[in-house]
Structures are given as structure tokens and as C-alpha cells.
Amino acid sequence: MPGEDGSRPHGLAAHFGTLELPILEVLWAGGARDVADCVTRLSGDHAYTTVKTVMERLVKKGLLDRCKESRSYVYWPSQTRSEVEARLAAQQARQLVDGFGDLAVTHFVETVQTDSDRLTQLRRLLAGIAAEGPEEDPR
């Protein structure tokens, strides 16, 4: 879904609904919260029931955990922001390579070659792989 400026969302925003990421951000920033506390910390005017529904959806997706305290549930992230970013980036990379093979790898390298820091990082990663030697056949 294009943003207000016509651009497509990127990073985590491209993988979550419009309210999912802000809820995750609130919980990543402050730990366990109930729905009412989350509603007050979100920017904008969001209905309690809407936030509760989205938080329950995030529980079903495995992104939040919850437990009952008194008469309401308290929610907290089941994964750190870094863990979610790493998992989604790995999924995206796998999809590109599975779908486009060598062409995806070639374009990735062409993309990072103009950024010296990323190119240095890529060289380090490749050197580490080369130092490990070839993978052994597990048979």
C-alpha cells in the first residue's frame, strides 16, 4: 500500500498492517502492557476494541505473548525488534533467490557495490564463508 507521498512502505512497515507495527513499537519500547495502556501510548485516536483485536491477531501470528492479570490480559513481544527484522529479511532473501536465482544475487551485488561500507561488509561475509571451506555432504 503506497504511503502518503506515493512511496511503498519498506522495512518492517512493509510486513505489518497500519496498526500492527505501532503496537509492536509501543511494546518493544516499554515491555508488558495491557490494552488500555497501549491505547494511551499510541499516537492517534484508536478505539480500545480495535487495538485489542490487533493485539490478539499479533498473538496468533506469534509476535506477542499474553497472560491474564486480574480481569485483563497483559501483552509483551515474543521476539525483539532485531529478531523480527532478521527473520523477515531472511525470508525476503530466500524468496528472491528461490524466485530469481543467480539474477537476484547479481543484482544484490550490483546494488551494494556503490556503498563502500556495505561492500566491505559483504567482502567480510564472503571471506568468512571461504575460510570455513566447502560444506561437507551430510550423507
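Values in this text are rule-based calculations from the coordinates and carry no lab data. As the structure is a prediction and not an experimental result, all values here were calculated from the model. Because the Cβ atoms are built from the backbone with ideal geometry, glycine has one as well, and the counts that use them run over all protein chains shown.
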Legend entry - Angle between the chain longest axis and helix 20-30 axis [Cα atoms, degrees, rounded to 10]: 80
Legend entry - Qualifying GluC sites (Glu not before Pro) for the stretch 1-70 [loop in DSSP, other Cβ within 10 Å: at most 14]: Glu4
Legend entry - Debye, to nearest 20: dipole size of the stretch 11-77, +1 on Lys, Arg Cβ, -1 on Asp, Glu Cβ: 220
Legend entry - Option label - Rg and Dmax of the Cα atoms in Å computed here, alternatives (1) 15.8, 45; (2) 20.0, 59; (3) 17.0, 60: (2)
Legend entry - Degrees separating the helix 116-132 axis from the principal Cα axis of the chain, which is the longest one: 70
Legend entry - Computed [θ] at 222 nm, deg cm²/dmol, the chain (DSSP H ≥ 4; -39,500 (n - 2.57); rounded to nearest 500): -18000 deg cm²/dmol
Legend entry - Spin-label pair His10/Arg94, simplified geometry with 7 Å Cα→Cβ offset, distance in nm: 2.4
Legend entry - Those trypsin sites (Lys or Arg not before Pro) in the stretch 24-114 that DSSP places in a loop and that have at most 15 other beta carbons within 10 Å: Lys61, Arg71
Inset, instruction - Any chance you could check the Cα centroid distance between the stretch 15-92 and the stretch 117-131 for me, in angstrom? - result: 35
Legend entry - Size of electric dipole in the chain: Cβ of Lys, Arg +1 and of Asp, Glu -1, about Cα centre, debye, nearest 20: 580
